[in-house]
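Everything below concerns the one structure shown next.
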Amino acid sequence: EIEHIIVTTAKRLFSGDVLLTKHYEDDVKSVLIPKGLINDRTERLARNICRDVSKGPLIGLCVLKGGYQFFGDLMDCIRTINSNGEQSVQMSVDFIRLKSYEDDQSSGEVKIIGSDDLSSLHGKHVLVVEDIVDTGLTMQKLLTTLQKFKPASVKVASLLVKRTPRSTGYRPDYIGFEIPDEFVVGYALDYNEYFRDLNHICVINDNGKKKYAT
Ligand SMILES: O=P(O)(O)OC[C@H]1O[C@H](OP(=O)(O)OP(=O)(O)O)[C@H](O)[C@@H]1O
Ligand SMILES: Oc1ncnc2c1N=NC2
Ligand SMILES: [Mg+2]
Ligand SMILES: [Mg+2]
């Protein structure tokens, strides 16, 4: 009986992918957050967001590249809530591509590599969706840029917030998980463009850092 419970729980926690993505198994130290746990938390965040959205259509602004997986899953949850008739939060989507990381460090300079025409955000309620807030420099740059387009409101949802002395102290409006000061990969979070295809959020190990260093 107990064994059945353990196996069922593991399957749910890892949402079926109990194994690690094979080609990365020598490059990560440990699983920090399994996919199943991300799914559970994302559903809760979606309910909180729908609860808080008072009026008007919402524009989901996905911060590429790292935010794409969380953005897709979060939009799915909001769509499910809408289709259950509990709420009807009309959503549209926009994309912006920002980059500042080389290896496991922020370069200190946040580049806007590309975006939709942000003037469409004027007078709209915007929900920024990110994978992680670490130093907070990316969010600082993005929020400053967004203000120029005079949106009606801007809220930020980030799956992860890192507890680090390098932080500006910025805290998003919706947080999935607070994590320790370690470099994590997986679930679209990368190290030099590798690991985005890793199924769970894991801590990279030295072997992985060396193997995929620039
Ligand atoms: O709070 P910060 O220290 O600024 O770090 C967080 C940002 O850095 C990463 O993006 P990255 O520059 O790696 O580009 P990517 O999203 O394409 O991976 C991550 O996806 C966040 O956008
Ligand atoms: O831990 C991290 N893993 C991947 N990408 C980033 C991280 N912190 N800031 C950007
Ligand atoms: Mg990013
Ligand atoms: Mg990155």
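For residue 28, nonlocal amide neighbours, meaning residues 5 or more places apart or on other chains whose placed amide H falls under 5 Å from its own, are 205. Only DSSP H runs of four or more residues enter the estimate; each adds -39500 (n - 2.57), and after division by the residues of the chain the mean residue ellipticity at 222 nm equals -9500 deg cm²/dmol. Probing with 1.4 Å while keeping every protein chain in the model, the per residue accessible area of the stretch 66-156 equals 49 Å². For residue 128, the amide hydrogen comes within under 5 Å of the amide hydrogens of 61, 155, 156, 157, counting only partners 5 or more places away or on other chains and with H modelled in the peptide plane.
Determine the gain in length on full extension of the stretch residue 76-residue 3; use 0.36 nm per residue of separation and subtract their C-alpha separation, reporting nm with one decimal. List each step's numbers first, then the result.
Working: separation 73, 0.36 × 73 = 26.28 nm, distance 3.29 nm.
Taking residue 76 through residue 3 to full extension adds about 23.0 nm, to one decimal.
Computed from the C-beta positions of residue 18 and residue 144 and an R0 of 45 Å, the FRET efficiency is 0.55 to the nearest 0.05.
Between residue 179 and residues 5 or more places away or on another chain, which pairs have amide H atoms under 5 Å apart, with H built 1.01 Å from N, and which residues are they? HN-HN under 5 Å from residue 179: 161, 162, 163. Of the solvent-accessible surface of the chain, computed with a 1.4 Å probe and all protein chains present, 53% belongs to carbon and sulfur.
The values are calculated or read from the model by the stated rules, or taken from the named source; none is laboratory data. Given the structure is predicted, the values throughout are model-derived calculations rather than measurements. Counting neighbours? That spans all protein chains shown, and the Cβs are built from the backbone with ideal geometry, glycine included. The protein model used for the area step is the full one, side chains on, heavy atoms only, and it has no ligands, DNA or RNA in it. Shrake-Rupley method; radii C 1.70, N 1.55, O 1.52, S 1.80 Å.
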